[in-house]
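Read through the structure below, which is laid out as C-alpha cells, and then see the notes.
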Amino acid sequence: MKTILVPTQNIPAMKSTLETAVLLARRTGAYVEGIPLWFGVPEFVVSEMASSFSIETYRARRAEETAGARKLFETFMQEHGIAARTIADRPSFGWFAEVPPGEDLVGSYGRAFDVIVMSRPDADTAALYNRAIESALFESGRPVLLSPPTAPKQIATNIMIHWNGSTEQARANALAMPLLHLGRVTVLTVIGGQDVPGPSADRVRKQLQYNGIAAEPMSIELEGRSTGEAVLAAAKAEGCDLLVKGAFTRNRFRQMIFGGATSHIMQHADLPLLMAH
C-alpha cells in the first residue's frame, strides 16, 4: 500500500489517526496525503440563507478550518520525520486543499489511493463523521483503515482475518493482500457466529498459501458473547495489531437498528481495523 489518504480535521481524535497513518507509511514506504474534511454546505445554499450569514463569512470560516487542518497534518508529519517530498521507498507526505466541503468527497477522492485512514467511530461520534466513513466504505472501492483511540506501537506484524464466508470478507482479504505478506496471519472462524454460505476457512488458507502467505487457523466458540465481542477478544488474546474485516455482511440498515458484528467491532476495536465492503 503505497498511497494513503487521511481526511483531516483539527480535532484531538486526529492524533491517533495520524500516528496510525505514519506507522503504515513507515511499514510500506508510502506517500501520505492529507485533505481537509470540512462539513460545509454548497455556496448556492448559503446564498439563499439569511443575510446575516454571508458568502464572505462562509468562505472565511472554511479557509480558517482548512488552514488549521493543514497545519495539524503537516506539523505532525514533520515532527515524525516524514519527508515533504517524494523519495523512493521512503515515507513522504503532501497536502491537497482543492476539494469541496462535505463528507462525500472521501468516497470520491479516495478512489485514487490504496487505503483511506480515519478514526474509528464510537457512540459519541458525530453523524457527519459517520457518514464520511460510510462514504469511504461504500463509495471509494478502497479499503478503510480505522485507527483505535490509542494508536498501536506497530502495525501489520500480527494480523487476524475474521473469515465468515462472505463476499465482503473476500474483498477485504484481497485488498489487504499487500499487508498480509508483511507479518504473521491468523484466519479466525467463530463457531456459531453470523456466517453466510461460502467457502470454508481452510479453503481461504489454501488460497493464501498459494500467494506465499502461511496463515494459521483458529476457531473459537461464542460462549454467550456476540460475534463482534468474540472476534475482538480473540484478536486481543493473540496480541494482534491489525484486524481485517468485511463490512456489513448483514443489511446495513438492520445493523444500525439491531446491531451486528461490524457495528460492534467498529465502535469497540482497540487495534487498527482494515475494512472493505
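Just so it is clear, none of the values below were taken in a lab; they were calculated from the coordinates. Source: prediction; values computed, not measured. Glycine gets a Cβ as well: all are built from the backbone with ideal geometry, and neighbour counts include every protein chain shown.
Please build a GNM for the chain, connecting alpha carbons under 10 Å apart, and tell me which residue among 136, 123, 237 fluctuates the most. Looking only at 136, 123, 237, the biggest GNM fluctuation is shown by 123. If a spin label sat at a point 7 angstrom from the Cα of residue 223 along the line to its beta carbon, the backbone N atoms of the range 234-248 nearer than 14 Å would be those of 234-238. When you filter the trypsin sites (Lys or Arg not before Pro) in the range 50-139 for DSSP loop state and at most 16 other Cβ atoms inside 10 Å of their Cβ, you are left with 85. With the cut-off at under 16 Å, measuring from each backbone N in the range 168-187 to a point 7 Å along the Cα-to-Cβ line of residue 209 picks out 185-187. For the chain, the 222 nm mean residue ellipticity estimated from helices alone, with every DSSP H stretch of n ≥ 4 adding -39500 (n - 2.57) and the total spread over all residues, rounds to -12500 deg cm²/dmol. Looking at (i) 19.1, 59; (ii) 22.7, 72; (iii) 19.4, 65, which value of Rg and Dmax of the Cα atoms in Å comes from a calculation on the structure shown? Looking at Rg and Dmax of the Cα atoms in Å for this model, the match is (iii).
Among 122, 241, a tally of other beta-carbon atoms within 10 Å of each Cβ gives an order, fewest to most, of 122, 241.
Once the chain from residue 138 to residue 112 is taken as fully extended at 0.36 nm per residue, the excess over their C-alpha distance is 7.9 nm.
With a Förster radius of 22 Å, plug the Cβ-Cβ distance of residue 200 and residue 167 into 1/(1 + (r/R0)^6) and report the FRET value to the nearest 0.05. Don't skip to the answer; put the middle values down first.
On the way: r = 15 Å, r/R0 = 0.69.
So, using R0 = 22 Å, E works out to roughly 0.90.
Given R₀ = 30 Å, what would the calculated FRET efficiency be for residue 99 paired with residue 57, taking r from the Cβ atoms and rounding to 0.05? Plugging the Cβ-Cβ distance into 1/(1 + (r/R0)^6) gives 0.90.
The chymotrypsin sites (Phe, Trp or Tyr not before Pro) of the range 72-162 meeting both criteria, a DSSP state outside H, G, I, E and B (loop) and at most 16 other C-beta atoms within 10 angstrom of the site's C-beta, are 96. Its alpha carbons give the range 158-276 an Rg and a Dmax of 13.1, 41 Å. For a straight C-alpha distance cut-off of 28 angstrom, the lysines reachable from residue 206 (same-chain residues fewer than eight places away being disregarded) are 2, 236, 245. Here the range 144-188 is scanned for amide nitrogen atoms under 12 Å from the site 7 Å beyond the Cα of residue 26 along Cα-to-Cβ, giving 152-155.
Shown for the range 3-147 is the translational diffusion coefficient from the Stokes-Einstein equation, using the Kirkwood radius over Cα pairs, a temperature of 37 °C and a viscosity of 0.692 mPa s: 209 µm²/s. When the chain is treated as a GNM with alpha-carbon contacts under 10 Å, the residue of 35, 191, 116 showing the greatest mean-square fluctuation is 191. In this structure the amide hydrogen of residue 119, modeled in the peptide plane, comes within under 5 Å of the amide hydrogens of 147, none closer than 5 places in sequence on its chain. Placing R0 at 35 angstrom, the Cβ-Cβ distance between residue 87 and residue 123 gives a FRET efficiency of 0.25 after rounding to 0.05. Full extension of the chain segment joining residue 191 with residue 131 gains 18.4 nm, where the gain is 0.36 nm per residue of separation less the Cα-Cα distance. Using a Gaussian network model of the chain in which every pair of alpha carbons under 10 angstrom is joined by a spring, one finds that among 77, 218, 266 the greatest mean-square fluctuation is at 218. Mind jotting down a quarter of the surface of the convex hull over the alpha carbons of the range 73-182, in square nanometres, one decimal? Projected over every direction and averaged, the Cα hull of the range 73-182 covers 8.7 nm². Using only Cα atoms, tell me the angle between helix 167-180 and the longest principal axis of the chain; keep it within 0 to 90° and round to the nearest 10. Once rounded, the angle reads 80 degrees.
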